[in-house]
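One structure is given here, and the rest of the page talks about it.
The values are calculated or read from the model by the stated rules, or taken from the named source; none is laboratory data. Just so it is clear, the model here is predicted, and its values are computed rather than measured. Reconstructed Cβ throughout: ideal geometry from the backbone, glycine too, with neighbour counts over all protein chains shown. Areas reflect the complete protein model, heavy atoms only, side chains present, ligands, DNA and RNA absent. Shrake-Rupley method; radii C 1.70, N 1.55, O 1.52, S 1.80 Å.
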Amino acid sequence: MNQESIHPIAFHGVPPSPAPAVPAVDEFAFGLLMNRALGGSDSRRPSDKSANEIQVDMVLGQAQNLAKMNDQYVETYVVRGTKELYALLGAIYSYALQINESPLRDHILQRMRERLEEEHEIKTQSNTPWLTTVLRFILPTDRQTAYSYSKVLQVAHDENLTAQELPNYIKERGGISKITATKEEEESVKSIKEHKDAKTQMLKKILQANA
């Protein structure tokens, strides 16, 4: 008989030992085991933070530090810089008023126009607003800035302000750009009105001629 076909009982002559009993599962102990396997701890409190959470807080803290640096920058360079700029405009306005009140006003403006053309090839007409001429002479290489400043100073002149009052006036009006935009809008409205009035007058003349 083939040995591979003999039953183990017949071959050894003794019955097999019974299988060991499986112990009952302690669900609480099993839960703690799985919690530790997943990186948790049975002594952890809700207020405790993991290493990852601490790193996240550190990164967020860096953003807060950058925010403080930005506030310091704004205070040091923007706020103070703006204040100094308004003071500078006050000084320029004082200089412009001095020229406007001088008996040599026309001669000074003419000499400014000549110098602008000779030294910077900038041509200005005799009918160019006097404030624009003064600002172009002071800032010959920055046409846009000279234009903006001249608008602000023209508003100050129209409002009959002193040079000392100008810085605070600019601040209360919302800054240079806001004053410039308002001035341009007013000029646009005025130009449209003048154009309409001119057309109305022309129409009246035509009707009168036909009559």
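Worth a mention:
- Accessible area ranking (1.4 Å probe, heavy atoms, ligands and nucleic acids excluded), largest first, for 176, 54, 138: 54, 138, 176.
- Whole-number D in µm²/s for the stretch 108-149 (Stokes-Einstein; Kirkwood sum over Cα pairs; 20 °C, 1.002 mPa s): 215 µm²/s
- Taking θ as phi - 60° and the Karplus parameters 6.51, -1.76 and 1.60, the scalar couplings of the stretch 65-78 work out to 5, 5, 4, 5, 5, 5, 4, 5, 5, 4, 5, 6, 9, 7 Hz in sequence order, x denoting glycine and proline.
- Take residue 106: with every protein chain present and a 1.4 Å probe, its accessible area is about 100 Å².
- 3J(HN,Hα) couplings calculated from phi for the stretch 158-165 with the Karplus curve 6.51 cos²θ - 1.76 cosθ + 1.60 (θ = phi - 60°) are, in sequence order, 5, 7, 6, 7, 8, 5, 5, 7 Hz; Gly and Pro show x.
- Net length gained if the chain between residue 98 and residue 178 were fully extended (0.36 nm per residue, minus Cα distance): 26.2 nm
- The stretch 62-170 - charge dipole about Cα centre, Lys and Arg +1 at Cβ, Asp and Glu -1, debye rounded to 20: 120 debye
- Note that the stretch 81-142, at 20 °C in a medium of 1.002 mPa s, gets a Stokes-Einstein diffusion coefficient of 174 µm²/s from its Kirkwood radius over C-alpha pairs.
- Candidate residues 84, 53: accessible-area rank, largest first, probe 1.4 Å: 84, 53
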